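Let me begin by presenting the structure, written as structure tokens, before commenting on it.
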Amino acid sequence: MTEASHWDASHWSASHWIVGPGALGRLIGLRLATRAAVTLVGRRSLPARQTLVTPEGDRVTHPLATACLDALPEATPGVVHLTTKAYAAEAAYAAIAPRLGTTTRLVLWQNGYGVQPSLSAHHPGPVLCATTTEGAYLEGDARVVHAGHGETYLGSLDGGHADEAADLAQTLSCTGLATRAVDDIHTRLWQKLAVNAAINPLVARFRIRNGQLRDRPFHPMVEGAIAEVATILAAEGIAPPEGRGRAGWQALIWRVVAGTANNRASMLQDVLAGRPTEREAILGPLLAAAQRHGLAAPQLAALDAQLRRCD
Ligand code: KPL
């Protein structure tokens, strides 16, 4: 029997676990709660009533099931959304693994390109990777603010499970998270990684908002990072945006800087809060690729070394 003929469209209305309920996880959980049974699974227990503030200013409160990683519900979930930071994903997966079955769909929402290949190989059921530009932040323990609408892309690294990706994309879209199923999620994850690599380490190092990267002395530093990223990704066979080589990377990255000018990037927020950063998931794959191809990446390597001291 083919994967598609196994497919049961009611699957996405099955139970969804949100493992790692930070801002993104709670946004997904509260959006899905209108259509499915949702359980927030975290390291500590959370208030069962959670409020979503929509970009339009509406407040919607839902009662959600909550659970702790060390006291999981008995039932096997239909879908697990792993929404931890990249560095915490493997440990969170290991903690829930005893409850997962071959029918459990695993959706990986991490930045960078570290856990996606390893968990895709490891999980016995279908694995989808997601990359999103949805903006959300927490206000206390019981409220998430959906700051701005973005776009989410969803697909499996080997291009399989297209029906599952299409169906989940439709479900998420219906709840207010515009999502497209794609067959090139590998490229899209690397493109997001490229954006994060050119912006996040610099703003974290200099403790500036994204828009300040357009000014001196930072502008040439961004251009230097883009040049290294573009060279590494060309060697790695990752298509530049709009197929335009380095100019495509420049256009994309400067567009994101302008669009998020007022933001404190996630890595800066992590540094300011004394949390570990996603340095390894974002710069690690680039530096490993540079080494594989015998390319020098002095600026990315220096940023990596500086951030390592904050970890
Ligand atoms: O994704 C981001 C982040 O903060 O991690 C960017 C696009 C850089 C926006 O701040």
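Every number in this text was worked out from the coordinates using simple rules, so none of it is lab data. All figures in this text were calculated on a predicted structure; none of them were measured in a lab. Backbone-built Cβ (ideal geometry, glycine too); neighbour counts: all protein chains shown.
Within the listed set GLU242, GLU278, GLU228, the residue fluctuating most in the Gaussian network model of the chain (springs between alpha-carbon atoms under 10 angstrom) is GLU242.
When the helices of the chain are scored as -39500 (n - 2.57) per DSSP H run of n ≥ 4 and the total is divided over every residue, the value at 222 nm lands at -13000 deg cm²/dmol.
How big is the dipole moment of the stretch 175-311 about its Cα centre under a simple scheme where the beta carbon of each Lys and Arg is +1, that of each Asp and Glu is -1, and everything else is neutral? Debye, nearest 20, please.
400 debye
Using the 10 angstrom Cβ neighbour count as an exposure proxy, how do PHE206, PHE218 rank, fewest first?
PHE206, PHE218
Distances between every pair of Cα atoms in the chain, grouped in 10 Å steps from 0 to the bin holding the largest one, split as 6, 27, 35, 23, 8, 0, 0 percent. Ranked by how many other Cβ atoms sit within 10 Å of their own Cβ, fewest first, the residues MET267, MET221 fall in the order MET221, MET267. I'd like to verify something in the chain: which complete DSSP H helices, judged by Cα projection on the helix axis, reach 30 Å or more and average at least -0.5 on the Kyte-Doolittle scale? Span-like helices here: 185-206. The residue list ALA178, ALA296, ALA265 was ranked by how far each Cα lies along the charge dipole of the chain toward its positive end, using unit charges on Cβ atoms, and ALA265 comes out on top. Mind checking the log10 I(q)/I(0) for the stretch 2-183 at q = 0.10 Å⁻¹? Debye, one equal scatterer per Cα, no solvent, two decimals. Computed log10 I(q)/I(0) values: -0.34. FRET efficiency for the pair THR103 and ASP215, taken as 1/(1 + (r/R0)^6) with r the Cβ-Cβ distance and R0 = 45 Å, rounds to 0.30.
May I ask what percent, to the nearest 5, of DSSP beta bridges between residues of the chain are antiparallel? Restricted to the chain, the bridges split so that about 35 percent are antiparallel. Of the trypsin sites (Lys or Arg not before Pro) found in the stretch 159-268, the ones in coil according to DSSP and having at most 11 other Cβ atoms within 10 Å of their Cβ are ARG207. Computed extension gain for THR54 through ALA239, at 0.36 nm per residue and net of the alpha carbon distance, reaches 63.1 nm. Scattering from the stretch 148-221 was approximated by placing one identical point on each alpha carbon and applying the Debye formula without solvent; log10 I(q)/I(0) at 0.14, 0.15, 0.20 1/Å stands at -0.61, -0.66, -0.83. The modelled label-to-label distance for the pair ARG255/GLU223, using points 7 Å beyond Cα in the direction of Cβ, is 2.1 nm. The residue among ASN200, GLY245, TRP190 whose Cα reaches farthest toward the positive pole of the charge dipole of the stretch 187-308, with charges on the beta-carbon of Lys, Arg, Asp and Glu, is ASN200. Spatially, the stretch 179-214 and the stretch 229-251 are offset by 13 Å when compared through their Cα centroids. Each of ALA142 and ASP311 was given a label point 7 Å from its Cα along the Cα-to-Cβ line. The distance between the two points is 3.8 nm. Put simply, the Cα atoms of the stretch 187-308 extend 35, 27, 25 Å along their principal axes, the longest span coming first. For LEU46, neighbours were defined as the other residues whose beta-carbon sits under 15 Å from its Cβ, and their charges (Lys and Arg +1, Asp and Glu -1) total +2. Considering only GLY294, GLY245, GLY114, the mean-square fluctuation computed in a Gaussian network model of the chain, springs between alpha carbons under 10 angstrom, is largest for GLY294. Summing Cβ point charges (Lys, Arg +1; Asp, Glu -1) relative to the Cα centre of the chain gives a dipole of roughly 1040 debye.
Proximity of backbone amide H atoms, modeled 1.01 Å from N, is registered between THR66 and LEU40 at under 5 Å, excluding neighbours fewer than 5 places apart on the same chain. Within the listed set LEU295, LEU108, LEU213, the Gaussian network model of the chain (springs between alpha-carbon atoms below 10 Å) gives the highest mean-square fluctuation for LEU295. The distance linking the stretch 253-303 with the stretch 153-170 is 27 Å (Cα centroid to Cα centroid, whole angstrom).
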